[in-house]
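Written out below as structure tokens is the structure these notes cover.
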Amino acid sequence: MTEHRVPSLVFFALLVGWIGVVIVLSFTWGVQPAMYTFAASLGVLALARLVLPAGMVPQVRSRWFDVVTLLGLALILSYFANWGDTLAVV
């Protein structure tokens, strides 16, 4: 592990704040738009991980593993967002 592995606390505060915005969005506007917003956020985070230098964005594994994982999760969330507002069948 290097000293560039963990970014500043400001970045984590921004991430937690953005997750809070997505949660509030899901209660106010709906689950589907919130899931699309979160999926877009993961896509932006993947692109940031791809182009920014080490230490700017949190890293888990190698750069390519992180990018592929984040983009895969974004695509899966975008796909499942279609059923986000589906009524519960009891």
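The values are calculated or read from the model by the stated rules, or taken from the named source; none is laboratory data. Computed from a predicted model, the values in this text were never measured in an experiment. All Cβ positions, even for glycine, are placed from backbone atoms using ideal geometry, and neighbour counts span all protein chains on display.
Just checking, how many residues over the stretch 31-51 are surrounded by fewer than 18 Cβ atoms within 10 Å (Cβ to Cβ), in contact with an Asp or Glu (Cβ under 7 Å, 6 or more places away or on another chain) and without any contact (Cβ under 8 Å) to a residue 40 or more places away in the chain?
Residues flagged as surrounded by fewer than 18 Cβ atoms within 10 Å (Cβ to Cβ), in contact with an Asp or Glu (Cβ under 7 Å, 6 or more places away or on another chain) and without any contact (Cβ under 8 Å) to a residue 40 or more places away in the chain within the stretch 31-51 amount to 0.
Across the stretch 32-56, what is the total count of residues that are over 16 Å from T69 (Cα atoms) and at pLDDT below 90? Show your work before the answer.
At the first step, the residues of the stretch 32-56 found to be over 16 Å from T69 (Cα atoms) are 32-37, 52-56.
In the following step, the residues that additionally are at pLDDT below 90 were identified as 52-56.
Selection size over the stretch 32-56: 5.
Taking into account only those residues within the stretch 58-84 that are modelled with pLDDT under 85 and surrounded by 12 or more Cβ atoms within 10 Å (Cβ to Cβ), which is farthest from W29 (Cα to Cα)?
Ranking the candidates gives Q59 first.
Would you point out which residue out of V10, V21 is modelled with pLDDT of 90 or more and of a type in the set (V, I, T)?
On the way: V10 fails: modelled with pLDDT of 90 or more.
Among V10, V21, only V21 is modelled with pLDDT of 90 or more and of a type in the set (V, I, T).
Looking only at the stretch 54-73, count how many residues are farther than 14 Å from L42 by Cβ and in contact (Cβ under 8 Å) with a residue 40 or more places away in the chain.
So the count comes out to 4.
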